[in-house]
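The values are calculated or read from the model by the stated rules, or taken from the named source; none is laboratory data. Just so it is clear, the structure is predicted and the values come from calculations on it, not from any experiment. Every residue, glycine as well, gets a Cβ built from its backbone with ideal geometry; the counts of neighbours run over all protein chains shown.
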Amino acid sequence: MKITSLGHAGLKVETKSSTVLVDPWLSPEGAFLASWFQYPDNQHLMTSALLQPTAIALSHEHLDHVDPWFLAQVPKQVPIIIPRYPSPVLRRKIASAGLKAIIELPEWESIHLGQETSLFFVSEESPMNHDSAVVIVGDGETLLNLNDARLTIAQLRNISTKVGGGIDVLALQGAGASWYPICYEYPEERKRELSHSKRMAKFSYLERAIASVKPVNIIPFAGPPCFLDPELAWVNDEMEAGIFPDQQQVVDWLSNKEIKNGLVLLPGDAFNVSDQLKEADPMWADFSFSDRQSYLQKYAQTRTDQIAAFKASYPEPDNSIWEAFREYFQRLLAISPYFNHKIGMRVGFDITGVGGGKWAVDFRPGCEGVYDEMGECSYRYRFASRWLTPLLNGSLAWEDFFLSLRFQVWRNPDIYNDHLLGLLKFACRQALEAVEDYEDSMDSQEQIAIRHEEHTYLVQRYCPHAGVDLLEVGEVLPGGILRCLSHHYEFDLETGKCLNGKCKLLDSKRI
């Protein structure tokens with residue numbers, strides 16, 4: 001097996017019988033409203049040969065993993081293999097590129113791509129999160145590609161069992177895909193503190209995943225993106241100590257934890273698994289992550305025209321958007337009483353520019369409605385009117401917009417509301433019902449003992465957020481806080497209260 005980096009999360013996996021592209025992202029317009037760009041640049045890999053794979057595997061719908069620009073240039077007979085999700089969002093994005101040879105696989109079900117080469121997906125357990133790992137077995141070797149998926153330790157062990165015990169290469173994401181905390185209205189010092197905490201929580205999960213899988217080789221990837229629009233250049237500072245570490249930083253952190261088998265692959269670099277040899281792309285002979293600022297300045301100059309043209313394609317509206325806003329959220333409020341109850345708050349939208357206004361959507365039972373005045377809200381989003389029309393007509397997905405970082409948000413109380421994002425990003429009865437059924441089925445009766453300082457607590461074993469096993473991914477922080485490393489929810493061991501998200505109480509009792 002030969003694994004070649006395509007930049008960011010993209011991989012080309014070659015076996016004796018097939019060539020599979022995994023999550024290729026090469027668009028010169030970047031992704032997420034021309035906000036994210038591949039770092040370093042991977043345009044030199046865009047060749048005719050790259051467009052002739054045996055198949056393309058796409059893990060989830062984020063646009064740094066599914067690239068309609070690239071897919072539109074792939075021959076229509078090339079099969080696109082995706083996980084089967086309750087929501088049709090991923091399939092629609094692929095179809096927008098004109099491709100119809102889409103194969104949806106139930107998780108754990110293998111598809112054969114050639115002699116002795118197979119592929120299967122393993123998805124996160126909660127249907128609120130449509131992320132999947134990709135497992136490719138070929139030539140007697142195994143690649144486990146975690147992508148953005150935060151699998152449980154039990155899932156990772158089951159993968160090892162399914163493939164016969166050995167993981168030759170574990171590819172994993174070191175950087176985040178988040179707008180928290182960088183788009184929130186925090187003081188700068190608090191924002192830096194939260195960003196660093198999020199980074200370290202991510203690293204802690206990687207350490208536990210690696211300990212479980214015990215791979216021969218580790219390839220960190222999926223970031224960081226870089227931000228070439230001058231309006232967003234400030235986000236590049238997140239590479240230093242925040243949510244967007246580069247590959248070298250991840251490898252160095254792992255090395256400090258005595259995990260020495262990390263490997264940095266830049267776009268075009270290849271790793272021959274059988275020979276354990278890296279083939280370096282000469283493109284990067286003079287490249288260094290330590291020279292980031294100089295590189296990004298030159299890189300940004302090459303994308304000035306694309307960014308300007310992209311923004312021009314989203315003009316300000318000519319008239320008020322209020323009526324379209326009201327009709328859209330009235331429909332949304334009618335989809336799922338369960339989600340409305342879980343959201344349980346009034347959300348403000350401060351839409352700036354022509355056609356905008358200060359409006360609100362109230363999800364509280366008995367108060368549901370859409371209002372042309374903001375009033376007192378628990379969440380408030382502020383962004384330009386040019387982005388609202390495509391959000392309302394469905395040509396722009398809410399989660400893609402949030403990942404663009406082209407907005408500001410405030411909340412009080414300062415807790416994450418997972419169901420608000422879930423309703424916005426799915427807006428699909430089937431997908432929302434899958435979440436409701438899953439959350440109703442979670443069992444909190446089994447308990448584990450957790451020791452903090454001189455006290456012992458009996459705590460429900462499975463996280464009340466997404467049912468993840470806290471015995472495997474629970475981490476006790478100073479102050480008697482239990483953090484779930486899967487999705488970073490934090491609970492006070494004394495009270496069971498979730499400190500950073502709108503979530504059920506953790507069943508916790510001091511004994």
With the condition being of a type in the set (S, T, N, Q), I'd like the strands (runs of 3 or more DSSP E) fully within the range 410-481 carrying at least 2 qualifying residues.
455-460
Number of positions in the range 316-331 that are free of Cβ contacts under 8 Å to residues at least 12 places away in the same chain and among the hydrophobic types (A, V, I, L, M, F, W, C):
0
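Each row is one residue, and each column tells you yes or no for (1) under 25 Å from residue 212 (Cα atoms); (2) modelled with pLDDT of 95 or more.
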site: 99; (1), (2): no, no
site: 108; (1), (2): yes, yes
site: 116; (1), (2): no, no
site: 128; (1), (2): yes, no
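Of the residues 230, 220, only one is in contact with a strand residue (DSSP E or B) (Cβ under 8 Å, 6 or more places away or on another chain) and not polar (S, T, N, Q); which?
On the way: 230 fails: in contact with a strand residue (DSSP E or B) (Cβ under 8 Å, 6 or more places away or on another chain).
On inspection, the qualifying residue turns out to be 220.
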So for the range 223-235 (the condition being surrounded by 17 or more Cβ atoms within 10 Å (Cβ to Cβ), modelled with pLDDT under 95 and in the same structural domain as residue 23 (by TED's automatic domain parsing)), does at least one residue qualify?
yes
So, in the range 104-119, of the ones that are touching a residue at least 40 places away in the same chain (Cβ under 8 Å) and part of a strand (DSSP E or B), which residue ends up farthest from the chain's Cα centre (by Cα)?
114
Can you say whether residue 151 is surrounded by 23 or more Cβ atoms within 10 Å (Cβ to Cβ) and assigned to a strand (DSSP E or B), as far as the supplied structure shows?
no
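With the structure loaded, tell me whether residue 313 is closer than 18 Å to residue 41 by Cβ, among the polar types (S, T, N, Q), free of Cβ contacts under 8 Å to residues at least 60 places away in the same chain and out of contact with any His (no Cβ under 7 Å at 6 or more places or on another chain) or whether it fails that test.
Numbers: closer than 18 Å to residue 41 by Cβ: no; among the polar types (S, T, N, Q): yes; free of Cβ contacts under 8 Å to residues at least 60 places away in the same chain: yes; out of contact with any His (no Cβ under 7 Å at 6 or more places or on another chain): yes.
The answer is no for residue 313.
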Within the set of pairs 6+ apart or on separate chains, which have a first residue in the range 336-353 that is in contact (Cβ under 8 Å) with a residue 60 or more places away in the chain, a second that is in a strand (DSSP E or B) and among the hydrophobic types (A, V, I, L, M, F, W, C), and C-beta atoms under 9 Å apart?
347/360; 347/361
Taking the range 485-499 and the residues there that are touching a Lys or Arg at 6+ places or on another chain (Cβ under 9 Å) and part of a loop (DSSP other than H, G, I, E, B), the one that is nearest to residue 452 (Cα to Cα) would be 493
Flag if residue 171 is modelled with pLDDT of 95 or more, touching a strand residue (DSSP E or B) at 6+ places or on another chain (Cβ under 8 Å), of a type in the set (A, V, I, L, M, F, W, C) and surrounded by 22 or more Cβ atoms within 10 Å (Cβ to Cβ):
yes
Taking the range 185-226 only, how many residues are more than 30 Å from residue 272 (Cα to Cα), in contact (Cβ under 8 Å) with a residue 40 or more places away in the chain and of a type in the set (Ser, Thr, Tyr)?
1
Going through (1) touching a Pro at 6+ places or on another chain (Cβ under 8 Å); (2) of a type in the set (A, V, I, L, M, F, W, C); (3) within 27 Å of residue 309 (Cα to Cα); (4) crowded, with 20+ Cβ neighbours inside 10 Å one by one, residue 34 fails only at (1)
Would a scan of the range 228-246 turn up a residue that is within 26 Å of residue 140 (Cβ to Cβ), touching a residue at least 40 places away in the same chain (Cβ under 8 Å), among the β-branched types (Val, Ile, Thr) and outside any helix (DSSP H, G or I)?
no
Would you point out the residue of the range 361-395, among those that are among the hydrophobic types (A, V, I, L, M, F, W, C) and closer than 23 Å to residue 234 by Cβ, that is surrounded by the fewest Cβ atoms within 10 Å (Cβ to Cβ)?
384
Need the failing condition index for residue 370 against (1) within 25 Å of residue 178 (Cα to Cα); (2) in a strand (DSSP E or B); (3) of a type outside the set (S, T, N, Q), just the number.
(1)
Any residue in the range 490-511 that's touching a residue at least 40 places away in the same chain (Cβ under 8 Å): show its pairings with residues that are among the small types (Gly, Ala, Ser) and in a strand (DSSP E or B) at Cβ separation under 7 Å, as long as the two are six or more apart or on different chains.
493/508
